[in-house]
Amino acid sequence: MSSPRRRWAAALGGAAVLLSGCGSLDADEVEDVAASFAHDDAAGRCDLLTTNVVESLVQDEGASCEEAIQDLPIGSGDVASVEVWGEEAQVRLGDDTLFLTRTADGWRIMAAACRSQGANLPYECRVEGS
């Protein structure tokens, strides 16, 4: 992934840390979407991605979303924590970190297969939009 994408993920991750105390009534919905994403098949996972993430995944991997997502280290663990701030959210699974955004179609995944690089460092995400 390109460096601007990593910086975007870092900014989003930093916002999650700074705003983690701002609870939300959307936490249950965010948790449901993240849990579905973690436990769904490839087609179901692709349906829960934002449009620009699907487009980037197809372009970067040179395959359909369903084919490409099967080869990536997407977590399938249980939801460990949910943080929601406004229109964006972070969900930590037992084996992954997901970033979500609210769209006209509801909450969608905008980054997945994310790993923290350490405190105050950017998340590195294998699945994200441009």
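The values are calculated or read from the model by the stated rules, or taken from the named source; none is laboratory data. Quick caveat: nothing in here was measured; it's all calculated off a predicted structure. So basically every Cβ, Gly included, is an ideal-geometry build from the backbone, and we count neighbours across all protein chains shown.
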Pairs needed: first member in region 25-47, more than 13 Å from ARG92 (Cα to Cα); second member anywhere, of a type in the set (Ser, Thr, Tyr) and assigned to a helix (DSSP H, G or I); C-beta distance under 8 Å; at least 6 residues apart or different chains. GLY44/SER36
Which residue, of ALA80, ALA119, ALA68, is aliphatic (A, V, I, L, M) and at pLDDT 95 or above? ALA80
Consider VAL58 carefully, then state whether it is part of a strand (DSSP E or B) and either in contact with a Phe, Trp or Tyr (Cβ under 9 Å, 6 or more places away or on another chain) or not small (Gly, Ala, Ser) (or both). no
Conditions: (1) at pLDDT 95 or above; (2) over 13 Å from the mean Cα position of the chain (by Cα). TRP85 meets all but one. Number of the miss? (1)
Mind checking which pairs have a first residue in region 51-64 that is closer than 17 Å to LEU100 by Cβ and a second that is surrounded by fewer than 16 Cβ atoms within 10 Å (Cβ to Cβ) and not aliphatic (A, V, I, L, M), Cβ under 8 Å, 6 or more apart or different chains? ASN52/SER130; SER56/SER130
In region 33-79, what count of residues is obtained for those that are under 13 Å from the mean Cα position of the chain (by Cα), surrounded by 15 or more Cβ atoms within 10 Å (Cβ to Cβ), more than 11 Å from ILE109 (Cβ to Cβ) and not aliphatic (A, V, I, L, M)? 1
